[in-house]
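**Q** Got a structure for you, written out below as C-alpha cells; questions coming shortly.
What follows is calculated from the coordinates using simple rules that are stated; it is not laboratory data. These numbers were taken from a predicted model, which means no experiment stands behind them. For neighbour counting, all protein chains shown are included, and Cβ atoms are generated from backbone atoms with ideal geometry for every residue, glycine included.
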Ligand code: NAD
C-alpha cells in the first residue's frame, strides 16, 4: 500500500506515450479497505479524448489491414504480458479496487484467457455468400471493423472487464479509446502500458482517466467515434444511449442486474445454501450477475433460509490478503449508504433480517439475508450492488418463474434442481441473458454471449458474439455476364 506522502502520480496513456492531462490536474485514488491514498490519476477531459480519438483514427487503417494472424500474434503476446505482470496487477486490484487476493488472482488469470480467446476470434472474421436472384450475379457479405470504439468501463472487475472490452474490439480490427472507472484508473493505465509493451501499436489503444461527467461524456460525444462499448450501471447506460443517439453510433451496453436464483423443492438444502452464498456474496455482491433474489419453493423454504443464513453468518470478511476471506469493502461511502438504505427500507416494510444488517468496520458490510422484503421496495426491485440477498417463497415452479420475471432487469439467473425437465422449463421461460442450471447466476466464460434483456442492456459480448457486435456487414455484388438493365428502374 502506498503511503499518503509518497503516493505516485500516474499519467494518461495516449498515442503510445505517457503524459499528464491537458488540464494539468490530477485526482486522488483511495484504497477502499484502508482509506489510504493509492495514487493520483491524471484528470483527463475533452482535449485528451480528442487527441486519443485522433490517434485511434490514424492507427485504424494499418491495424484493420493487418492479416488476422498479425492481430492474433499481438493479442497472444498481450495474454503472456498480463501474466508476467501478475504481481503488479495483484497489488493494484487489492489496493485500488478492494478485491480479495483470491478474486484478484482469478481476475488476472481470466484476463489472460480473454486475450487468448480474442486472439482466436481475430482469425475468424467470416463473411458469407448467398444466391443472387439474378443468375449472372454473385453476392458476398464482407465483415469489416467498425472503426474507433469508445470503451467506458466500471470498477468492480476493473482489469478483466476493461480487458474484455478492449481485446475483442481489437481482434475485430477496431482501434480503442478507453475511459475506465474513476475508482480504478491506475489498473487501467497499468494495463495500457502492459499491452503497448506486448506489441499493441501506437494509437491502437489509448486510455484517458477521469470522471464520467468529464472524460466519459466527452468520449460519448466525440466526433471521431464509431461505436461505444459500455459496461456499468443502467442509469449511466441510459444516459450514454441518449448522448450517443444524435450520432447514430453502434452501442453495446452491459448494465445492471437483479438476478434470480430459483431453489426448487428437490434440492439438497446444504448444497443449495452453499451455492446461494457464493452467488450472493462473491466480491460482496458487487457483481452484475450476483444472485440477489433467491426464490425458494415452499416445501424447502424454512430449512433453506436457516441454512443460507447460517452460512452467510459464517463467512469471513475483511482482510483482503487472507485467502480465507470471502469479500472485503464496498467501493466507496455512497455504495455503503445505498446498501444501508435498501436494508432499512426492507426492514421498515416488514422483511425479517435473518443475517447481517450491520457494518463490520469501515466500508465492510456483513453478509445480509432479508426474508420476504416488500416486493415493491428497492431491496427487491433495484440493484443493491452489495452483500445483501433477499429470499422469498414460491408456491411452485410457475410461481417461481413469474416472480423471477417480475423485474425490469434480465441479466442472468440460476436454477437449482435435479429434475432436468423442470430445470429446462425454467431456463426456457426465465427472461434473462443467461440461465445456469445447478449453479448460481454469476458465471463467466470467454466464449459465452454475455448480456441482458430489458434494463440489463443491449447486445452480447464474448467470443464470436463480440465479433458480431463489433463489425459491420457489407453486401458486395458482382455482375458476371451481360444481363440487360431495365431502364426506368425495375426492382
Ligand atoms: P457506473 O455506471 O457508475 O460507471 C461506469 C462508467 O461510466 C465509469 O467509467 C464512469 O466514469 C462512466 N460514466 C459515468 N457517467 C457517465 C456519463 N454521463 N457519460 C459517460 N460515462 C459515464 O457503474 P459502476 O458503479 O462503475 O459499476 C457498477 C455497475 O456496473 C453495476 O450497475 C453493475 O451491474 C454494472 N456492471 C454490469 C456488467 C455486465 O456485464 N452487465 C458487468 C459489470 C458491472
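**Q** Ratio of segment 260-437's C-alpha Rg to 2.2 N^0.38 Å, to two decimals?
**A** After normalising by residue count via 2.2 N^0.38 Å, the value is 0.96.
**Q** Right, something else. Measuring from the lowest to the highest alpha carbon on each principal axis, how far does the chain reach, largest first, in angstroms?
**A** Rounded to whole Å, the extents work out to 77, 63, 38 Å.
**Q** So, one more: Hey, what angle do you get for helix 160-171 against the long axis of the chain, alpha-carbon based, 0 to 90 degrees rounded to 10?
**A** With both axes taken from Cα atoms, the answer is about 20 degrees.
**Q** Please list 7-19, 446-458 highest first by mean number of surrounding beta-carbon atoms within 10 Å per residue.
**A** 446-458, 7-19
**Q** Contour minus end-to-end for residue 132 and residue 447, with contour as 0.36 nm per residue of separation and end-to-end as the Cα-Cα distance?
**A** Full extension of this stretch gives 110.1 nm more.
**Q** Once you place label points 7 Å from the Cα toward the Cβ at residue 299 and residue 408, how far apart are they in nm?
**A** Result: 3.7 nm between the two label points.
**Q** Modelling each spin label as a point 7 Å along the Cα-to-Cβ direction, I'd like the residue 478/residue 34 distance in nm, to one decimal.
**A** Inter-label distance under the simple model: 6.5 nm.
**Q** Taking R0 as 51 Å, what's the FRET efficiency between residue 247 and residue 306 from their Cβ-Cβ distance, rounded to 0.05?
**A** So the FRET efficiency works out to roughly 0.40.
**Q** I've got another one for you. Compute the angle between helix 298-314 and the longest alpha-carbon principal axis of the chain, please, reported from 0 to 90 degrees and rounded to the nearest 10.
**A** The two axes meet at around 90 degrees.
**Q** Identify the residues of segment 195-226 with backbone N under 11 Å of a label point that sits 7 angstrom from the Cα of residue 25 along the Cα-to-Cβ direction, or state none.
**A** Correct set: 211, 214-215.
**Q** Cut-off is 10 Å between beta-carbons; in what order do 434, 402, 390 appear when sorted fewest neighbours first?
**A** Taking fewest neighbouring Cβ atoms as first place, the list is 402, 434, 390.
**Q** I'd like the orientation of helix 68-84 relative to the chain: the angle between its Cα long axis and the longest Cα principal axis, in ° from 0 to 90, rounded to 10.
**A** Value to nearest ten degrees: 30.
**Q** Which whole-angstrom value gives the distance between the alpha carbon centres of segment 48-87 and segment 279-321?
**A** 40 Å
**Q** Here's another thing I want to ask about it. Determine the gain in length on full extension of the stretch residue 321-residue 61; use 0.36 nm per residue of separation and subtract their C-alpha separation, reporting nm with one decimal.
**A** 89.1 nm
**Q** Additional query: Report for the chain the percent antiparallel among DSSP-assigned beta bridges with both residues inside it, nearest 5.
**A** Of the beta bridges lying entirely in the chain, close to 45 percent run antiparallel.
**Q** If I model a spin label at residue 83 and residue 344 as a point 7 Å from the Cα along the Cα→Cβ vector, what separation in nanometres do I get?
**A** With each label placed 7 Å out from Cα toward Cβ, I get 4.9 nm.
**Q** When the Cα centres of segment 335-349 and segment 416-486 are compared, how far apart do they sit, in Å?
**A** If we compute the Cα centre of each part, the gap is 35 Å.
**Q** Here's another thing I want to ask about it. From Cα pairs below 8 angstrom and at least 6 apart in sequence, can you work out the relative contact order of segment 260-437, rounded to a whole percent?
**A** 27 percent
**Q** On to the next question. Note the full-extension length gain between residue 361 and residue 221 as 0.36 nm times their separation in residues minus their Cα-Cα distance, in nm to one decimal.
**A** This chain segment gains 46.3 nm when fully extended.
**Q** Before anything else, pin down the relative contact order of the chain: Cα pairs under 8 Å, at least 6 apart, normalised by residue count, whole percent.
**A** It rounds to 17 percent for the chain.
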